[in-house]
Amino acid sequence: MPYDHRNDHRTPPAREDREARGARRALGSSGTQRARGTRTGALARAGAVAGALAACTALAGCGGGSPAAAPKSPDTKSPDAKATHSPTATPTSAGTLPLTGRTVVVDPGHNPGNFQHSREINQKVDIGTTRKECDATGTSTNTGYTEAAFTLDVSHRLRDLLTSLGAKVVLTHDADRPFGPCIDERARTGNTARADAVVSVHADGSATGNRGFHVIVPARVSSGAADTTRIVGPSRDLGEAVVRHFARATGTAPSNYIGSGTGLDVRDDLGGLNLSTVPKVFVECGNMRDPKDAALLANAAWRQKAAQGIADGIGTYLKG
């Protein structure tokens, strides 16, 4: 938390005057000229102290003023992994950030620990239309970079960008549990938070040559515990905004194998969407099994662009 150093180097205002009076008493009336010299030197020293303090404050190196808060780093292994603030993070006329008062749930797809818990993640849960496995391990690139590592990294970057815009951000998990959460629990997290938007971050595992990103939006489902009737429209609006801004921020094209070039895919078989009561989309950021897409997904600078595109899409949707 920033703290105030403005009092750390405060110089007693009477010090220089006391030095000058002491010099006059020591020299007497015959030493008036020398006393003036002493007073001039004292004033010069005071000016030097003030100048040093001004320089120190400008460099933020001596405690002058409040230091900037250290940015959160989602990937300390990568020198360029720190999230940059969105250029749209400009206070409104009322002095608040544009997403102040909004809640966004970010869902990092899968979990790095799922590989060690196949029995647990294969337990089936109710998704309204059917029963499906609790969770999955996710895919990986041919060189072994896992989807779970990718989604967590992008989710950290996305969290930091949205926070800089004033939003309250909730993660469904932060690799702080052995496996999961299950897909029904992920949906409940967004519902319980009464989120204004939920984005689940993923990467696809399709065939070589299949390239590009796509955004999955919920179909109209009303079965058992699932009823997406009220969120179909808002979720599509969110999805369309993310498609536009993701393409712009990353420079990548929508999927050439899903969505007929629209970047949108409508599905009724995903528990995370079926059980949601708040606007929600899945973002498949690229195809990890294609070498060209994989090279992008494994690049920290590109992941920052991906997070920026998602953040801009969410911001556009929430600002209407």
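The values are calculated or read from the model by the stated rules, or taken from the named source; none is laboratory data. Treat the numbers as computed from the prediction; the structure is a model and nothing was measured. So basically every Cβ, Gly included, is an ideal-geometry build from the backbone, and we count neighbours across all protein chains shown. Areas reflect the complete protein model, heavy atoms only, side chains present, ligands, DNA and RNA absent. Shrake-Rupley method; radii C 1.70, N 1.55, O 1.52, S 1.80 Å.
For every residue, the table says whether it meets (1) in contact with a helix residue (DSSP H, G or I) (Cβ under 6 Å, 6 or more places away or on another chain); (2) closer than 22 Å to Thr129 by Cβ.
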{"position": "Arg230", "(1), (2)": "no, yes"}
{"position": "Arg236", "(1), (2)": "no, yes"}
{"position": "Ala241", "(1), (2)": "yes, no"}
{"position": "Gly261", "(1), (2)": "no, no"}
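Taking the residues in the stretch 177-206 that are basic (Lys, Arg) and open to solvent by 50 Å² or more (accessible area, probe 1.4 Å) as candidates, determine which candidate is nearest to Val283 (Cα to Cα). Give the derivation first.
Residues of the stretch 177-206 basic (Lys, Arg): 177, 186, 188, 194.
Adding the requirement that they be open to solvent by 50 Å² or more (accessible area, probe 1.4 Å) leaves 177, 188, 194.
Details: Arg177: 23, Arg188: 19, Arg194: 20 Å.
For the stretch 177-206, the residue satisfying everything is Arg188.
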task = Only residues that are in a helix (DSSP H, G or I) and either farther than 23 Å from Arg186 by Cβ or of a type outside the set (A, V, I, L, M, F, W, C) (or both): list them for the stretch 230-240, please.
result = Gly233, Pro234, Ser235, Arg236, Asp237, Gly239, Glu240
Among (1) under 14 Å from Pro108 (Cα atoms); (2) open to solvent by 10 Å² or more (accessible area, probe 1.4 Å) - the single one Lys305 does not satisfy = (1)
Those residues of the stretch 144-178 which are touching a Lys or Arg at 6+ places or on another chain (Cβ under 9 Å), assigned to a helix (DSSP H, G or I) and of a type in the set (D, E, K, R), in sequence order = Asp153, Arg157, Arg159, Asp160
remark   = Taking the stretch 92-127 and keeping only residues that are of a type in the set (A, V, I, L, M) and surrounded by 15 or more Cβ atoms within 10 Å (Cβ to Cβ), one is left with Leu97, Leu99, Val104, Val105, Val106, Ile121, Val125, Ile127
inquiry  = Among the residues in the stretch 238-261, are any surrounded by 20 or more Cβ atoms within 10 Å (Cβ to Cβ) and among the aromatic types (Phe, Trp, Tyr)?
reply    = yes
request  = Starting from residues that are assigned to a strand (DSSP E or B) and farther than 17 Å from Ala167 by Cα, keep the ones in the stretch 179-203 and report whichever is farthest from the chain's Cα centre (by Cα).
outcome  = Ala203
ask   = Can you tell me how many residues in the stretch 207-220 are open to solvent by less than 30 Å² (accessible area, probe 1.4 Å) and either in a loop (DSSP other than H, G, I, E, B) or closer than 17 Å to Leu270 by Cα (or both)?
value = 7
ask   = Looking at this structure, is Val232 closer than 19 Å to Pro108 by Cα and open to solvent by 10 Å² or more (accessible area, probe 1.4 Å)?
value = no
ask   = Among the residues of the stretch 245-286, how many are in contact with a Phe, Trp or Tyr (Cβ under 9 Å, 6 or more places away or on another chain) and either in contact (Cβ under 8 Å) with a residue 60 or more places away in the chain or under 19 Å from Tyr317 (Cβ atoms) (or both)?
value = 14
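Results for (1) in contact with a strand residue (DSSP E or B) (Cβ under 7 Å, 6 or more places away or on another chain); (2) at pLDDT 95 or above; (3) under 25 Å from Ser276 (Cα atoms), shown as yes or no for each residue.
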| site | (1), (2), (3) |
| --- | --- |
| Asn210 | yes, yes, no |
| Gly239 | yes, yes, yes |
| Val242 | yes, yes, yes |
| His245 | no, yes, yes |
